[in-house]
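Step one of this worksheet: look at the structure below.
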Amino acid sequence: MWTLILLIVLSLILGLGAWLFFMWSARSGQYDDPEGPKYRMLDDDDEPLGKKKK
Amino acid sequence: MSALKCDHCLLTFPEKDAVYDETEGQKHIFCCNGCQGIYTLIHSEGLEDFYEKRKWKDAGVASALKRTMDIKPFTEHIRDVEGKKELDIFIEGIRCSSCVWLNEKILLRTAGIEYARVNYATHKAKIRWDPEVIGLEKIIRRILSVGYVPRPYCESEQFKARRAETRDLLVRFGTAGFLSSQLMIYTTALYAGYFQGIDKNLKLLFEVIAMFLTMPVLFYCGMPFIRNTLTGLRRLHFSMDSLITIGAGSAFIYSIYQMGIGGTVYFDTSAMIITLILLGRYIESTAKGRASETIERLAELSPKEARKIREIQDEPAGEAEFVPISAVRKGDLLQVIPGERIPLDGRVTSGESEVDEALITGESRPVSKRVGSEVVGGSVNLYGALTFEVTRTGRDTVLSGIIRAVEDAQARKPKIQILADRIVGYFVPAILLLTLATVAGYLIKGASIHSALMTGISVIVIACPCSLGLATPLAVLVFSTMASSKGLLIRNGGVVEHTSAITHLLFDKTGTITVGKPSLKELIVVDEDLRREKLLCIAASIESLSEHSIGRAITAASEGKPLPVSGFRAIPGKGIEGDINGSLVVIGNRTLMRERGVGSGVLRSFDNTVLRYEKGGDTVIYMAWEGKMRALFVVADVIREEAPGVIAELKSIGLTVIMVSGDNINTTASIAAAVGIDDAISETSPEGKKEVIAGLQASGRQVMMVGDGINDAPALTQSLVGVAMGRGADIAMESADAVLVRNDLRLIPYFVSLSRKSYSIIKQNIFWAFFYNVVAIPLAISGMLHPIMAAGAMAASSLLVVLNSLRIKRAE
């Protein structure tokens with residue numbers, strides 16, 4: 001029984017962590033541009049030689 | 001004269017205009033110095049990848065070249081962040097992901113700019129820079145230099161509220177989703193226990209956890225529903241929200257009671273109803289937000305201040321002062337210096353300049369303005385100072401007209417949604433009555449109060465159709481995603497329903513059935529005393545002031561220097577006129593010639609020649625002055641190659657296809673015959689097109705209009721569904737319900753069949769959403785309702801709605 005309760009509490013804590021993570025991502029605007037990431041991951045940042053970074 | 005293709009903007013252009021350039025052994029051809037400049041800049045930054053990456057094949061660039069930009073509207077939005085400046089701007093002219101990439105790279109390689117990121121969905125860029133290294137003006141010029149137009153991005157209170165609402169819905173939905181998934185773990189254990197037996201204490205423990213997980217879903221995530229129900233209840237008004245609240249609430253209370261007496265609980269039903277409805281609302285809210293950005297951008301065009309010329313005893317004194325736009329009255333004289341936006345509509349009283357009206361009319365070339373010309377608020381004065389008399393203010397201006405039209409279009413709700421809402425309005429009281437009847441029935445039969453109440457509540461719980469909230473938004477979402485992936489922009493949700501009901505399809509001729517880039521095929525000199533070049537030059541001088549595509553054909557063919565024109569006037573649907581060297585030159589159709597005093601005998605002598613050309617699908621334009629015919633211009637336009645196939649396809653799916661044109665009967669008829677349209681209406685003015693549609697609608701027909709020009713805007717608004725060609729005038733696009741981003745007519749039959757399919761799926765969805773619950777009601781009344789059955793019915797109907805909506809993707 002105690003093992004079960006321990007596991008339940010553990011799962012709820014893990015769940016709470018996931019929820020907090022979601023809240024943080026929603027508040028920091030991660031869902032504002034759902035289109036971008038699929039293109040951004042294909043962009044190479046290979047700067048040509050001799051160019052100053054940024 | 002052979003045509004070349006510009007390496008930067010992909011426009012085809014005559015060889016004589018070509019600009020050649022050689023970089024690192026590679027030869028390039030450009031249509032103008034502007035494109036060459038952009039290419040050189042992109043090349044020198046090592047960003048040629050842009051040409052490989054870009055995915056568009058349509059020609060043209062944003063009309064940004066060599067434009068001066070007034071930075072004042074930007075400055076008020078600048079924020080200070082840790083000693084750095086930050087600003088949100090909207091970048092116009094972004095067409096695909098490579099444009100975003102180019103803008104970000106070009107900005108990041110500018111010394112002083114620390115952060116630049118463009119949102120792919122909204123084209124809003126966030127830029128942060130060091131004010132000590134670079135000024136805002138330079139940043140703006142940097143974006144202009146690659147051919148994009150930066151615009152101030154500011155959010156109205158209304159828009160901010162909507163965005164906050166969307167985020168609020170996301171947080172509520174996310175929280176509900178997370179809690180529901182946790183809840184499912186314990187509910188599954190309880191279901192297993194229901195069949196296999198479960199230890200009593202363990203059951204109670206799971207039930208208590210389930211209750212605590214459901215509580216926030218109901219009282220936090222479901223709060224908007226509860227609030228709406230309470231306000232609705234005061235007016236005895238039942239909506240979807242009251243059904244959700246009653247269903248979820250009674251399931252929750254019932255479960256707590258059952259927990260106490262050791263029965264079975266329904267916490268999952270309570271939580272799932274709210275989660276699924278929230279998902280539907282979130283989808284709807286994001287779609288709406290995307291659509292409302294157009295309005296924001298339009299509203300941003302109107303300046304907030306104007307330079308009013310001070311009056312001393314009703315006499316204008318030369319001096320100008322800044323006044324707020326609301327203080328300007330009709331008849332006031334306003335001054336606009338180069339680079340500024342024209343604040344209101346009016347007529348020029350002094351000065352001469354060129355004005356960029358691209359945002360209002362779609363005309364990408366600057367339009368010249370002289371004394372007497374009309375100017376439109378929101379357009380940009382390019383070269384010289386202008387003074388004009390205000391003719392329209394406030395809600396009467398062209399710009400506010402456009403904004404209103406767009407707002408109206410977006411406020412429309414799909415009728416089926418309204419129908420579903422109405423059904424719910426009756427459904428809720430009906431269920432409540434049924435519940436009362438059940439309770440009464442059980443009491444009469446001699447059952448205990450307790451068991452009668454419990455059966456009653458189970459009727460309410462099972463009757464709540466939770467997938468109803470998903471039925472329409474989800475299908476509309478899949479529909480508009482499918483449409484946009486093919487190059488069809490859907491502007492409001494009602495389009496699905498309207499398009500599926502279409503019986504008649506009206507096509508505009510120029511620019512829709514034809515390519516819309518007419519060229520001068522022949523010039524027939526009537527007045528033998530004048531040289532061809534001279535005639536062409538006179539015609540081009542006047543036509544250069546017109547926005548009509550035929551005018552462009554004549555202007556493009558002329559090589560001479562334009563002559564000064566005064567008193568320019570366009571007679572819609574007929575032609576144009578203007579004074580050159582003191583004589584009134586009239587260019588237009590036969591009717592206009594008659595009206596301007598050209599003898600009918602003279603006109604008749606050309607009829608055979610004209611008829612021959614018109615039978616071949618060409619348009620003939622007359623030019624006359626002082627009552628004498630001077631020349632005939634034969635202008636030819638090319639029919640879109642896909643048009644005949646598309647027309648045949650549309651006819652085969654049972655639609656009546658009609659073509660309307662401002663052109664004469666012979667030209668219209670021959671083009672109609674060439675593409676297979678049986679019914680062609682010629683010589684219609686913009687208002688005439690609208691009346692044709694109104695006439696059809698009066699006899700109960702459902703009309704879709706496809707057009708591209710400013711002259712089509714009234715017809716597009718009048719029709720049930722207006723479709724604008726993507727390269728058309730902005731005003732046409734704003735008044736349309738759907739826009740063809742790719743100018744491909746094949747999208748029209750696709751659009752119709754996709755809408756028909758989607759609409760039938762929405763109807764099925766609504767049917768199934770109700771069906772499952774209605775079927776289960778007798779079970780609940782008979783008191784044989786299993787908790788498994790309740791959960792099963794709910795999951796099954798929701799799943800069915802989701803899967804059914806996805807079927808739209810398989811539409812051909």
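Every number in this text was worked out from the coordinates using simple rules, so none of it is lab data. Source: prediction; values computed, not measured. Cβ sites come from the backbone with ideal geometry, for glycine too, and all protein chains shown count toward neighbours.
Once you sort the root eigenvalues of the Cα gyration tensor of segment B:538-620 as a ≥ b ≥ c, which label holds: rounded (a/c under 1.5), prolate (a/b larger than b/c) or oblate (the other case)? Oblate. Percent of Cα pairs in segment B:584-731 per distance bin of 5 Å, from zero to the largest separation: 2, 9, 15, 18, 19, 15, 10, 7, 4, 1, 0.
Projected label points at B:ILE198 and B:LYS615, each 7 Å from Cα along the beta carbon direction, are separated by 8.8 nanometres. A cut-off of 5 Å between modelled amide H atoms, ignoring neighbours fewer than 5 places along the same chain, links B:THR514 with B:ARG640.
Of the GluC sites (Glu not before Pro) found in segment B:506-555, the ones in coil according to DSSP and having at most 13 other Cβ atoms within 10 Å of their Cβ are B:GLU528.
Multiply the residue separation of B:TYR426 and B:ASP130 by 0.36 nm, subtract the distance between their alpha-carbon atoms, and state the gained length in nm to one decimal.
100.4 nm
Between B:VAL657 and B:LEU505, the built amide H atoms are under 5 Å apart, and every one of these is 5 or more places off in sequence or on another chain. Pop the C-beta distance of B:ARG310 and B:VAL371 into the FRET formula with R0 = 25 Å and round what comes out to the nearest 0.05. In this case the efficiency is close to 0.75. Listed from fewest to most Cβ neighbours within 10 Å, the set B:LEU506, A:LEU16, B:LEU800 follows the order A:LEU16, B:LEU800, B:LEU506. Proximity of backbone amide H atoms, modeled 1.01 Å from N, is registered between B:VAL526 and B:ALA631, B:LEU632 at under 5 Å, excluding neighbours fewer than 5 places apart on the same chain.
Among B:SER285, B:SER379, a tally of other beta-carbon atoms within 10 Å of each Cβ gives an order, fewest to most, of B:SER285, B:SER379.
The trypsin sites (Lys or Arg not before Pro) of segment B:612-656 include none that meets both conditions, a loop assignment by DSSP and at most 16 other Cβ atoms within 10 Å of the site Cβ. Once the C-beta distance of B:SER605 and B:ILE418 is scaled by a Förster radius of 60 Å, the resulting FRET efficiency is 0.45 to the nearest 0.05.
What FRET efficiency comes out for the pair B:HIS77/A:ASP32, r = Cβ-Cβ distance, R0 = 25 Å, nearest 0.05? After rounding to 0.05, the efficiency reads 0.90.
Of B:LYS574/B:LYS690; B:LYS574/B:LYS628; B:LYS330/B:LYS574, which pairs sit farther than 27 Å apart, going by alpha carbon to alpha carbon?
Details: B:LYS574/B:LYS690 17 Å; B:LYS574/B:LYS628 18 Å; B:LYS330/B:LYS574 30 Å.
Going by Cα-Cα distance, B:LYS330/B:LYS574 fall outside the 27 Å limit.
Assuming a ≥ b ≥ c are the square roots of the Cα gyration tensor eigenvalues, decide whether segment B:626-710 counts as rounded (a/c under 1.5), prolate (otherwise, with a/b larger than b/c) or oblate. The shape class here is oblate. By the beta-carbon count within 10 Å of each Cβ, the least crowded to most crowded order of B:PHE225, B:PHE219, B:PHE771, fewest first, is B:PHE219, B:PHE771, B:PHE225.
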